[in-house]
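Beneath this line is the structure, given in structure tokens, with notes to follow.
The values are calculated or read from the model by the stated rules, or taken from the named source; none is laboratory data. Keep in mind the model is a prediction, meaning the values are calculated, not measured. Virtual Cβ from ideal backbone geometry, glycine too; neighbours counted across all protein chains shown. Quick note on the areas: whole protein, heavy atoms, side chains included, nothing else; ligands and nucleic acids left out. Shrake-Rupley method; radii C 1.70, N 1.55, O 1.52, S 1.80 Å.
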Amino acid sequence: MPLLTLWPVIAAVVGLVLTLFASGPAFANFVQISRHRYKRLSEDQLYADKDGVATEESQAKLSSVRIQTTILLISSLAGASLALSSAVCEDSRRSTKYDYTKALEWLNFSALFFIVVQSTVIALTKDSLCRFRLAINSAAAQAILIVTTCTQQNVWGLDRSHRDFVIGEIIVLLIGFCTCLTFPRRPEVYHAGKVVDGQRSVSTIMRLSYSWCTPLLALAASQGHLNMEDLPAMDHETRSKELHDSFNKKGRKGKLVKLVLISHAPAIILQHVITLVEAAMAFVPQYCFFKLLKALEDQSHDASTRNTAIIWAAILGMSMLLRNFTGTYMWFISRNLVHIPIRVQLSALVFAKSMRRKDVKGVQNAQSVADITNDQCSMVTAGGGSEAVAHNEPEEDLHKTRQGTINLVGFDAARVSEATIYQNMFVLVLGKMATSFTFLGLLIGWQALLSGIAGQFLIFPLNARYAKMYSGAQTELMSARDKKLAVLNEALSGIRQIKLSALENRWQARILEAREQELATIWAGYYADCFLIFSWVLGPVLLSAICISTYALMHGSISASVAFTTISILAQIQADMTWIPELIMHVIEAWISLDRIEAYLNAPEKTDCIVPGDGISFRNAKIAWPSDDAVNEGTFVLRDLNLEFPNNELSIISGRTGSGKSLLLAAILGEVDLLGGSIVVPRAPSVQDRHDAKANSSNWIIPSVLAFVSQQPWIENRTFRDNVLFGLPYDENRYRKVLSACALDQDLHLLTDGDMTEIGANGINLSGGQRWRITLARALYSRAGILVMDDIFSAVDAHVGRHLLENAIAGELGQNRTRIIVTHHVSLCLPQTKYAVHVGEATVDHAGLVNELEKRGELREVLKEEEEAVSEEEDYIPLAAQKLAKKGTLSISAAHEQRRTSVSKEHVRRSSRLSHRRPSTLSSRSHEIDDGELLVGLKAPPKKFVEEETKQAGRVSLSVYHQYMVAAGGPWLWCGVVALFALYEVGYLGQYFWVAVWTRSYGVKDAILRITSAAYPFQALTAPSFHLEIMDPELRYYLFVYFGIALFLCIEGSLRYTIVYWSSVNASRKLFHDFTYAVLRAPLRWFDTVPLGRILNRFTSDFKVIDSELGLAISMVLNFGLRVVGITAAGAMVSPYVIVFALILFVVNSRFAFHFMHGARETKRLESVTKSPVFEIFGTALAGVSTIRAFSKTEVYINNMFQKIDDHGASIWYMWLLNQWLAFRLGVLGAAFTAGIALLVALVKNIGAPLAGFALTFTLQYSDSVMWVLRQYATVEQGMNATERILEYSELPIEDPSGADAPAAWPTEGRLEVTDLVISYAPDLPPVLKGLTFSVEPNERVGVVGRTGAGKSSLTLALFRFLQARQGSIVIDGIDISTIKLRDLRSRLAIIPQDPVLFSGTIRSNLDPFDEHSDSELQEALQRVHLIPSSPSSPTIASSSSFTAVDVEPGEEYQSNINPFTSLSTPIAESGQNLSQGQRQLLCLARAILSRPKLLVLDEATSAVDKATDELIQRSIRDEFKNTTLIVIAHRLSTIADFDRILVMGEGKVVEYGTPRELLEKGGAFGELVGKSGEEELLREIIFSGER
């Protein structure tokens, strides 16, 4: 019997076998149920998996699936009943003769019986996961039965009764199939209090249609905005912690690209499998299109072919629907399951690495050091080994900086992950090309196809050239953006110095110069892209024209089915081929970024160089600053360290500025490279073993735990209290003691919300002294038994320093703790000190117990630097005792003992006196500490210092669109652009219409061809009679017109994009200029309240959207929007009813689109908002990595960062998920539109194949066109959201620059008059200066003193007009500063702030950034501040910075370290990180000496240098600024004791003003300060003798 006769039985057997196989799990589950061994969740047991844990409510909600089970049981029983009835009827009808039909019916009944079994087991199963899997198996079985039933026989050819049974079976199987897809997988689960994304919770049909995000869209539409709390949490496969841990736990080795691919292998494999399916599905609609046109061509000859046309029209619609499923799922996998997890994982890995990496101080933008003389050539950039190393590429240097590290997350991780979205496109393009060329070879023959491909090769050189140009432009763009970011980061980091020096214009020019380089590379890319567009438009036209021309020449004619199918397929091939250059570009970018990330991940980590022990000691240790170099013999090294710090005692480390004191502290923390010997430090227990939550007063201190106070105070953007507690539980008693010991109780009353006041990033809204004291309070409050402190006395007044020593360091809270402190105030600390260390030249000169050092005569050497200073500041030792000690009649220790006695007596006497006198005139002090619980009911909520980032709600305002259009060139330009796009669309329609006219002209020729093609549909089209006829005039005519239209489209098509790109670059330039202008001139307080990361985010990410995406998105909206209009017009040519159908679809599409826009707009805004905290936390953590590690808070910060990365990942996830939600629905509607037009074409009479081909060619593009126009409109909205954010900052209120021009030589004298000055920080805040009045004569030196909050810093801000006067005036040389231009004012004055600001570059570029001085002048300025010697014997400041030497032979060692200031080309790292605090201050002072101002303000400008150097600097200031009026804010009273006048401030007013002698004799506030300074006798001697 023929096989075709047996086919129905074979199909039935296959269906039965597959159904039985699918029923296996159901049988197994049924056995478990019947034996009562089925595992059910008890009532109190909640569902849990890796994603999260269910709640009682979500679990109860899941259990209600009775409707689904009831429908499934009824449908399966109905199907089995129909099959049984059909089998019985068949038996009765054919009882006389055996027929295979009997077996067929009983086989069908058997299969449906198993469906009943499956449905029963599903109804009995209670476990949601098991039930879901069984339902999926049953759905698969029923789908198989539907297919086998339909293929067994021609349903319409059966007799009516049998046909009704079969149709009934198919219907109930469809009902059962759909019902099985509605079973939910699991209950909603929660992670960290938030519901987890529902992808793995919802039913299959909701998952395939992306409907689980519909409630989120409804929420966005109803409330008009979305917050992060509205977005569900991510599942475990997208959360950063799980991704980080899964990457590391397996200990994989190899290249990063390999490890990433292995880590995400399941998703990537699935991505490529679906891509192959999509490639195959792309061929099906084209085949259906061809068969439909063939049927229409035959329709005029055979009316029976109408049914065939209808069938192919229906199949065309179904194929479009299936392709929509595969296409949207492919993009969902690419974006949501591959792209986002990889981005989140790489970001998490980089941050976690940064917490383990060596704290290397990188050097950025190193300059050539060719000018270093031979005797200075041993110093080049950090990490170098020779002079050539100094020529490092800026990009390489950039990645050694903090910003370079942040770029790895902000840019490189994004580039790598974005490439994974498209890397499967290679497979897709190759798959489509393989199937399409195979089909074309069968359709038009290999001769015509090869002719077209040969013609295509003509434009390949053009394509390749401009693709290479485009790729090169993109590579240069990456570098240009990095350079621009480096300049921006420095400008924003040093904005205070820029504004103080009135350098906004110069820095704006520098920023705009970097910006112009970036725009030049952007335009180069656009220029190449325009030529690529020309070739991409020319390609399919040339290919199709040659193919159909060759075919027409070979066969004498061409049918509509062949012509339109060929053009459609070739256009699709060319569109796919356009992906290739962009794909290559993405891969190249990703590879570069992956190498950068890999280099960082493979960089050396902080090694455990510490040997556990009972105390802290150094044993012949040799240490250097951390470096990535393998050989560090040329770096700054401390050698031969043998130290033994006593436990539970105070030890001090002293030495000249830059001698390596901070390096010694870093060694205790393990933050150094140990080159030899050993360092012993007690091993602290793990954070988990400390049980901080259970700590109390009896077990608070853990002896082996460390706490660290760094040289630069590290403050978080948190409340005052949180900065002190630092994650520890709140103990009110200890907290109050700590604040009192750190002299912070008064500061709390000055802060608006007490200890709940929010502190800005880096303590921006605190004074220098407050920052130091908060970091000290953090260490004191900690549970650490070992306190490691850098110089904490530099930024505080003398009386505060004494208070800190006696109450904090040596007081109750410091007792029984090992305290090691670096200080220049040796004599202050010495009476309380047990162990002293003095660091000299590359080693420790003296170290030991104080008593032993005195016995050996070494203690005087430790104090020598202070004694050699003319001031002879033996702090707190009475002058008489000092003199006796010097005469030899009293030992140093006895002198200190006398000092202890005198201090104790003085303390008792003052305590008694102060208890009976009125509060000080400086300020009234309160002993009550606001612990946050006082007057809780009456307190207003704490004010936010750092403003929350604003996020607009609803659609983007039309004014934003208007401002962008104006910036781009104006409305008339855009009218022209729209006209060009409309003209192109008319030409595009005309091109296809001309093909319809062309093919119609052949009429009903070639009857033989038709007969042949009916039997052999493809072979006939490639007829073997290959011969070229002479081109007839008619064919020449059609070809010439066709090529003419094509040429017009190529030129006009590229021209329209050229204009859009040009206008886009113009808009970017204008917006960036306005944005930069406004930001650089914004009030200083705005910078205090807006984190740097937030500003950088807008400078980078938002402008990236405007630069690279917005212009193209606008073009795409215009292109595809007009394409939809063209498609509708083409359909209307078939029937006017198409317009009605199109309008209905437009309304439905618009409803979906507007629903989508609510969510897409908000998720994009959330993506922008959640990106800033990632950068902010990263920058903060990198700045304080040593403190974080010292306090063992690494895991806390990693987890905090993981949460921020998850928030950002969630916003991107939902942004792309909503895109797939829309694409799926538009695809379904598009498939319906295509099927509708195809059915209309098949049903309407007298529609020829040419017209049908013309209409259907465009109809096939409808789904993609609508999807692209709405998706690109969403991109435009997102781009306008970025524009909105840019305009928000562009419209910031700026400092008023207006005023009269100052006289050319102003100020000539330096006379300062302040009259009745009233100043406040904001109009709604109380004044901080209250009627301040004083005057300064020309060339006078005035010292300004007062407690914290007295208004000293406010006076400085007022002098530079950072604060506007409410009342009163400041007059300099007869001119009211409020009447002159702001730039004139600030550029004529000078200030040296307490926190020095340096920029990356060289010593030369920092001293003279605009090349206004000669090298000799620069070197002289360095000599004046004693950074380099004026003579060989002159003292200089050594360097403890990480500079390397050259020409070092293996094994050779330097016995002394190199002075980095001997060469002006010495590189300076970002923010001067490779210099000590003191060196940075001195370099800023040298910069001021060069400017020679008539009025100079010094805000404790030498607080971080040793006293001997300070004395030398004070001499230089007196010598260099004899003709300059000096206003000096000082904490060391000895610094200003011999000044002309002293201004004592208190509560914003002048308390006292006069000469030091007058004020001291008066015995008022200044006398009180002198009395509390601890150096009263010394100060009196200076003041009354008039000598230093």
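Which order, highest average first, do 1036-1042, 179-185, 595-601, 531-537 follow once you tally other Cβ atoms within 10 Å for each residue and take the mean per peptide? Before the final figure, lay out each step's value.
Numbers: 1036-1042: 15.1, 179-185: 23.1, 595-601: 17.6, 531-537: 21.1.
My ranking of the peptides, most packed first, is 179-185, 531-537, 595-601, 1036-1042.
Take the Cα pairs of segment 1236-1372, get the Kirkwood Rh, then feed it into Stokes-Einstein at 10 °C and 1.306 mPa s and tell me D in µm²/s. Before the final figure, lay out the partial values.
Numbers: Rh = 22.1 Å.
Rounded, D is 72 µm²/s.
If segment 615-711 were replaced by its equivalent ellipsoid, with semi-axes equal to the square roots of 5 times the Cα gyration tensor eigenvalues, what would those be, largest first, whole Å?
On the way: eigenvalues 168, 48, 32 Å².
Value: 29, 16, 13 Å, ordered largest first.
Kirkwood hydrodynamic radius of segment 1241-1281 from all distinct Cα pairs, in Å?
Working: mean 1/r = 0.0811 Å⁻¹.
Kirkwood hydrodynamic radius for segment 1241-1281: 12.3 Å.
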Report summary line: Per residue, the convex hull enclosing the alpha carbons of segment 1357-1406 has a volume in Å³ of 112
**Report entry** Quarter of Cα convex hull surface for segment 1137-1198, i.e. mean projection, nm²
**Finding:** 5.9
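Would you mind counting up the charge near Tyr1061? Only other residues with Cβ under 11 Å from its Cβ, with Lys and Arg at +1 and Asp and Glu at -1.
Every neighbour counted, the sum reads -1.
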Report summary line: Computed over the Cα atoms of segment 304-363, the Rg and Dmax in Å are 25.2, 84
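Using the Cα atoms of segment 603-665 to build a convex hull, what is its mean projected area in square nanometres?
Values: hull surface 21.6 nm².
For the Cα atoms of segment 603-665, the hull's average projected area reads 5.4 nm².
Kirkwood hydrodynamic radius, computed over distinct alpha-carbon pairs, for segment 531-600: how many Å, to one decimal?
When all Cα pairs of segment 531-600 are included, the Kirkwood radius is 14.5 Å.
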Report task. Would you give the gap between the C-alpha center of segment 1294-1343 and the C-alpha center of segment 69-89, rounded to a whole Å? Result -> 95
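Rounded to the nearest whole Å³, what is the per residue volume of the convex hull around the Cα atoms of segment 425-508? Can you show the working numbers first?
On the way: hull volume 10.5 nm³, N = 84.
So the per-residue hull volume is 125 Å³.
In µm²/s, what is D for segment 731-851 at 37 °C and 0.692 mPa s, where D = kT/(6 pi eta Rh) by Stokes-Einstein and Rh is the Kirkwood radius from Cα pairs? Provide the component values of the computation, followed by the final result.
Values: Rh = 15.5 Å.
It diffuses with D of about 212 µm²/s by this estimate.
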Report task. Using only the alpha carbon atoms of segment 476-574, find the Kirkwood hydrodynamic radius as the inverse mean reciprocal pair distance, in angstroms to one decimal. Result -> 17.8
Query raised in the report: Each label point is 7 Å from the Cα along the Cα-to-Cβ direction; what then is the distance between the points at Asp608 and Glu1577, in nm?
Result: 5.3
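For segment 1265-1306, take the convex hull of the Cα atoms, compute a quarter of its surface area, and give me that in nm², please.
Numbers: hull surface 19.5 nm².
The Cα convex hull of segment 1265-1306, projected and averaged over all directions, gives 4.9 nm².
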Requested in this report: Whole number in Å², please: accessible area per residue of segment 448-591, 1.4 Å probe, ligands, DNA and RNA not counted.
Outcome: 32
Requested in this report: Starting from the Kirkwood radius over alpha-carbon pairs of segment 540-689, derive D by Stokes-Einstein at 20 °C in a medium of 1.002 mPa s and give it in µm² s⁻¹.
Outcome: 97
Query raised in the report: Amide H to amide H under 5 Å from Leu1498: which residues, 5+ apart in sequence or cross-chain, H placed 1.01 Å off N in plane?
Result: Ile1392, Ile1527, Val1528, Ile1529
**Report entry** Alpha carbon centroid spacing (whole Å) that separates segment 1395-1417 from segment 505-527
**Finding:** 24
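Quick one: which of 217-225, 549-557 comes out on top by average Cβ neighbours within 10 Å, and what's the full order, highest first? The partial results should precede the final answer.
Working: 217-225: 15.9, 549-557: 20.9.
Going by the mean number of other Cβ atoms within 10 Å, highest first, we get 549-557, 217-225.
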Report summary line: Binned at 10 Å from zero, the C-alpha pair distances of segment 1249-1328 give percents of 12, 15, 18, 14, 11, 9, 8, 7, 4, 1
Query - For segment 712-857: accessible area per residue (Å², 1.4 Å) - result: 27
Query - Peptide ranges 698-706, 271-279 listed from the most packed, as the mean C-beta count within 10 angstrom indicates - result: 271-279, 698-706
Report summary line: With the convex hull built on the alpha-carbon atoms of segment 1163-1304, volume per residue in Å³ sits at 232
Report summary line: Total charge of the residues flanking Gly1227 in space, meaning their Cβ is under 11 Å from its Cβ, with Lys and Arg +1 and Asp and Glu -1, is +1
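Express the carbon and sulfur contribution to the solvent-accessible surface of segment 591-737 as a percent, rounded to the nearest whole number, probe 1.4 angstrom. Please report the intermediate quantities before stating the final value.
Numbers: 2800 of 5780 Å².
The computed percentage sits at 48.
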Query raised in the report: Radius of gyration and Dmax for segment 209-271's Cα atoms, expressed in Å?
Result: 17.1, 50
